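Visitor: Got a structure for you, questions after.
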Amino acid sequence: MARLVVHGGTPLHGSLEANGAKNAALPIMAAALLAKGKVTLRRVPNISDVWTLTGILKAMGCKVEYDGTGLMELDTSTLTTTKAPDHLVRKMNASFDIMGPLLAAYGEGEVSLPGGCNLGSRPVDLHIAGFRKLGAEVNSQKGFVRATAKKLHGAHILFPKVSVGATKNCLMAATVADGETVLENCAREPEIIDLANFLIAMGAKIHGVGRQKMRVTGVKQLHGIDYSVVADRIEVGTYLIAGAITGGDVTILGCVPEHLSSLLDLLKEMGQELTINEDSIRIQGRRPITPISVSTEPYPGFPTDLHPQLVALATLGSGTTTVTENIFNGRFMYAMELVRLGGDVRVSHRDVVIRGVKQLDGAPVDAPDIRAGGALVCAALAAHGESTISGVNFIDRGYQEIEKRLSLLGAKITRADFED
Ligand code: EPZ
């Protein structure tokens with residue numbers, strides 16, 4: 001079993017180029033099912049979730065050429081089945097992103113209830129309600145969702161709560177439905193905007209991109225395109241926090257600072273020094289780390305996917321920080337692992353209370369999900385002595401070659417196989 005071995009205490013120095021966003025690349029790959037013609041994608045991150053979705057599309061008969069260096073060629077015209085392979089779908093939540101495009105382009109889809117990070121309950125009821133409004137028949141039995149529709153039609157879909165997943169699926173399905181669809185209380189994440197821009201580039205008619213209300217006028221079909229995926233704001237945020245927690249000086253190039261404004265405001269409030277340019281962010285870690293109070297919210301609020309990493313930073317704060325989790329009711333598994341590293345982290349209901357300590361000390365820890373993994377790597381980089389981090393399979397799902405990229409910044413981190 002692979003583990004990361006970290007010798008902490010070295011301030012990180014240097015710069016890195018941001019990778020493409022996992023949470024944009026995945027729905028964009030799924031949306032290629034809507035295209036009549038080849039799709040070329042650039043800046044596709046070399047992470048295991050991308051390989052999982054590649055495996056799903058290939059198992060369904062699509063052609064996908066990808067060698068992990070960012071360029072991907074897709075041809076979905078050779079699809080042979082609309083039933084997704086269960087064993088792969090269970091690996092990640094985003095697998096369900098193919099349902100909307102399958103329904104819209106092929107009139108049917110069969111996808112098992114998705115797996116992925118255990119962040120508490122992750123139902124797909126809002127996706128299904130949206131498909132039904134668009135005229136589909138949907139039934140969910142024994143863990144499988146089957147959806148059929150001769151032809152989808154326009155509808156007014158008001159989401160009772162903001163959902164990235166349901167917004168993506170209904171948006172994709174509406175692009176080739178008969179008539180106009182209004183999506184209200186949509187998610188406005190940059191990854192949603194990137195997906196909408198990809199769909200528009202393929203010929204879709206979408207108004208209000210990035211707003212809470214989008215209007216989609218269905219078109220006959222979408223065509224192939226060459227598209228570059230947006231920078232990964234969550235990967236960028238994780239590296240900025242690694243720079244701050246080690247008292248280092250790190251610059252991330254090729255990113256979109258405005259996509260991170262909630263985090264950057266917090267880091268300033270925490271006393272960190274930031275230099276923000278059009279497409280780069282430099283952080284210089286400063287002490288003391290000032291305590292704060294923050295809640296996770298849908299975009300443009302503070303993202304739940306940077307919650308564990310921010311808590312890691314706050315463990316070395318000069319007082320008490322509180323983080324309230326409003327998106328996922330089970331996103332606290334990382335807390336006990338930070339306690340193993342010497343952090344004073346307590347969870348009560350949806351609140352995480354962090355009392356700052358003088359130092360963290362290396363220890364064996366286990367990553368229970370992708371972003372928890374990012375947080376444990378940050379904490380281990382600041383801890384005195386050696387840490388070993390298991391659950392690397394989670395980290396690899398969201399972070400491309402994390403140990404190689406951190407080593408470029410001077411971190412003492414390696415990957416090693418351990419007998420279990
Ligand atoms: C997306 O998950 C991201 N995943 C998550 O990132 C991210 O944490 C989340 O959005 C919130 O920003 C991808 O983009 C692949 P939601 P998703 O639908 O689509 C509830 C990472 O580490 N809900 O916005 O699953 C749901 O249970 C991952 O990269 C319903 O009740 O998030 C949650 O409490 C982790 N019914 C809330 O809404 C539904 O049908 C938000 O979920 C759908 C969601």
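The values are calculated or read from the model by the stated rules, or taken from the named source; none is laboratory data. The model shown is predicted, which means the values in this text are computed figures rather than measured ones. Note: ideal-geometry Cβ built from the backbone for every residue, glycine included; neighbour counts use all protein chains shown.
Visitor: If we scan segment 403-410, do we find a residue that is touching a residue at least 24 places away in the same chain (Cβ under 8 Å), over 23 Å from Val50 (Cα atoms) and either within 16 Å of the ligand (Cβ to nearest atom) or among the aliphatic types (A, V, I, L, M) (or both)? Spell out the reasoning first.
Guide: Step one: of segment 403-410, the residues touching a residue at least 24 places away in the same chain (Cβ under 8 Å) are 403, 405-406, 408-410.
In the following step, the residues that additionally are over 23 Å from Val50 (Cα atoms) were identified as 408-410.
Narrowing further to those that are either within 16 Å of the ligand (Cβ to nearest atom) or among the aliphatic types (A, V, I, L, M) (or both): 408-409.
Yes.
Visitor: Being in contact with a Pro (Cβ under 9 Å, 6 or more places away or on another chain), within 13 Å of the ligand (Cβ to nearest atom) and of a type in the set (Gly, Ala, Ser) is the requirement here; does Ala32 meet it?
Guide: no
Visitor: Then there's this: Which one of these does Val111 not meet: (1) of a type outside the set (Phe, Trp, Tyr); (2) within 16 Å of the ligand (Cβ to nearest atom); (3) in a loop (DSSP other than H, G, I, E, B)?
Guide: Only one criterion in (1) of a type outside the set (Phe, Trp, Tyr); (2) within 16 Å of the ligand (Cβ to nearest atom); (3) in a loop (DSSP other than H, G, I, E, B) is unmet by Val111, namely (3).
Visitor: Among the numbered criteria (1) away from the ligand (no atom under 16 Å from the Cβ); (2) within 15 Å of the chain's Cα centre (by Cα), which single criterion is violated by Asn46?
Guide: (1)
Visitor: If Glu189 satisfies every condition in (1) within 16 Å of the ligand (Cβ to nearest atom); (2) in contact with a strand residue (DSSP E or B) (Cβ under 9 Å, 6 or more places away or on another chain) but one, which is the exception?
Guide: For Glu189, the failing item is (2).
Visitor: Residue check, Thr10 against (1) on the phi < 0 side of the Ramachandran plot; (2) surrounded by fewer than 22 Cβ atoms within 10 Å (Cβ to Cβ); (3) more than 22 Å from the chain's Cα centre (by Cα); (4) free of Cβ contacts under 8 Å to residues at least 60 places away in the same chain, all met but one. Which one?
Guide: That leaves (4) as the condition not met.
Visitor: Oh, and also: Being in a strand (DSSP E or B) and either of a type in the set (Gly, Ala, Ser) or over 27 Å from Asn185 (Cβ atoms) (or both) is the filter here; which residues of segment 294-336 pass it?
Guide: Step one: of segment 294-336, the residues in a strand (DSSP E or B) are 294-296, 302, 317, 320-324.
Matches in segment 294-336: Ser295, Gly317, Thr320, Thr321, Thr322.
Visitor: For the structure I just gave you, tell me whether Phe159 is closer than 16 Å to Leu113 by Cα and either within 24 Å of the chain's Cα centre (by Cα) or surrounded by 15 or more Cβ atoms within 10 Å (Cβ to Cβ) (or both). Give the derivation first.
Guide: Values: closer than 16 Å to Leu113 by Cα: no; either within 24 Å of the chain's Cα centre (by Cα) or surrounded by 15 or more Cβ atoms within 10 Å (Cβ to Cβ) (or both): yes.
So Phe159 does not fit the description; no.
Visitor: Let me ask you something else. From the set of residues in segment 119-135 that are outside any helix (DSSP H, G or I) and more than 8 Å from the ligand (Cβ to nearest atom), which is surrounded by the fewest Cβ atoms within 10 Å (Cβ to Cβ)? So that I can check it myself, show each step before the final result.
Guide: Going through segment 119-135, the residues outside any helix (DSSP H, G or I) turn out to be 119-124, 134-135.
Applying the additional criterion that residues be more than 8 Å from the ligand (Cβ to nearest atom) yields 134-135.
Values: Leu134: 26, Gly135: 17.
Result: Gly135.
Visitor: What number of residues within segment 17-68 are small (Gly, Ala, Ser), assigned to a strand (DSSP E or B) and more than 19 Å from Gly100 (Cβ to Cβ)? Write out each step before concluding.
Guide: At the first step, the residues of segment 17-68 found to be small (Gly, Ala, Ser) are 18, 20-21, 24-25, 30-32, 35, 37, 48, 55, 59, 61, 68.
This time we only want the ones that are assigned to a strand (DSSP E or B), so: 20, 35.
Now narrow it down to the ones that are more than 19 Å from Gly100 (Cβ to Cβ): 20.
Number satisfying all stated conditions: 1.
Visitor: Take the conditions more than 12 Å from the ligand (Cβ to nearest atom), touching a residue at least 12 places away in the same chain (Cβ under 8 Å) and part of a strand (DSSP E or B) and apply them to Leu103. Does it pass?
Guide: Numbers: more than 12 Å from the ligand (Cβ to nearest atom): yes; touching a residue at least 12 places away in the same chain (Cβ under 8 Å): yes; part of a strand (DSSP E or B): no.
In short, no.
Visitor: Across segment 100-130, which residue is nearest to Asn393 (Cα to Cα) among those that are of a type in the set (A, V, I, L, M, F, W, C) and touching an Asp or Glu at 6+ places or on another chain (Cβ under 9 Å)? Talk me through it step by step, then tell me what you get.
Guide: Restricting attention to segment 100-130, the residues satisfying the condition of being of a type in the set (A, V, I, L, M, F, W, C) are 102-105, 111, 113, 117, 119, 124, 126, 128-129.
If we keep only those that are touching an Asp or Glu at 6+ places or on another chain (Cβ under 9 Å) as well, we get 102, 111, 117, 119.
Values: Leu102: 29, Val111: 23, Cys117: 11, Leu119: 16 Å.
Within segment 100-130, the match that is nearest to Asn393 (Cα to Cα) is Cys117.
Visitor: Please give the number of the condition Glu184 fails out of (1) more than 16 Å from the ligand (Cβ to nearest atom); (2) free of Cβ contacts under 8 Å to residues at least 40 places away in the same chain.
Guide: Glu184 satisfies all of (1) more than 16 Å from the ligand (Cβ to nearest atom); (2) free of Cβ contacts under 8 Å to residues at least 40 places away in the same chain except (1).
Visitor: Does segment 380-420 hold any residues that are modelled with pLDDT under 95 and closer than 18 Å to Gly343 by Cα, and which are they?
Guide: none
Visitor: Return the pairs, sorted by first residue and then second, in which the second residue is within 12 Å of the ligand (Cβ to nearest atom) and of a type in the set (Phe, Trp, Tyr), the first residue lies in segment 122-144 and is under 17 Å from Glu180 (Cβ atoms), the beta carbons are less than 9 Å apart, and the residues are 6+ apart or on different chains.
Guide: Note: pairs meeting the criteria are Gly130/Phe159.
Visitor: Would you mind telling me which numbered condition in (1) within 10 Å of the ligand (Cβ to nearest atom); (2) free of Cβ contacts under 8 Å to residues at least 24 places away in the same chain; (3) farther than 27 Å from Ser48 by Cα; (4) not small (Gly, Ala, Ser) Pro160 fails?
Guide: For Pro160, the exception is condition (2).
Visitor: Inside segment 188-203, can you point out the residues that are crowded, with 24+ Cβ neighbours inside 10 Å and closer than 20 Å to Gly218 by Cβ?
Guide: Those that are crowded, with 24+ Cβ neighbours inside 10 Å and closer than 20 Å to Gly218 by Cβ: Leu195, Ala196, Phe198, Leu199.
Visitor: Can you tell me which residues in segment 24-40 are surrounded by fewer than 24 Cβ atoms within 10 Å (Cβ to Cβ) and modelled with pLDDT of 95 or more?
Guide: Ala35, Lys38, Thr40
Visitor: Follow-up. Mind checking which residues of segment 360-375 are closer than 19 Å to Leu12 by Cα and more than 14 Å from the ligand (Cβ to nearest atom)?
Guide: First, the residues of segment 360-375 that are closer than 19 Å to Leu12 by Cα: 360-362, 373-375.
Leu360, Asp361, Gly362 - these are the residues of segment 360-375 that are closer than 19 Å to Leu12 by Cα and more than 14 Å from the ligand (Cβ to nearest atom).
Visitor: Looking at Val219, Val236, can you tell me which residue is modelled with pLDDT of 95 or more and outside any loop (DSSP other than H, G, I, E, B)? Please lay out each step first, then the result.
Guide: Numbers: Val219 fails: outside any loop (DSSP other than H, G, I, E, B).
Answer to the check: Val236.
Visitor: Say we look at segment 69-95 and pick out the residues that are within 22 Å of Arg43 (Cα to Cα) and either within 16 Å of the ligand (Cβ to nearest atom) or basic (Lys, Arg) (or both); which of these is surrounded by the most Cβ atoms within 10 Å (Cβ to Cβ)? Don't jump to the end; show me each part of the working.
Guide: As a first pass, look at segment 69-95 and keep what is within 22 Å of Arg43 (Cα to Cα): 69-76, 92-95.
Now restrict to residues that are either within 16 Å of the ligand (Cβ to nearest atom) or basic (Lys, Arg) (or both): 92-95.
Numbers: Met92: 24, Asn93: 20, Ala94: 24, Ser95: 26.
In this case the residue turns out to be Ser95.
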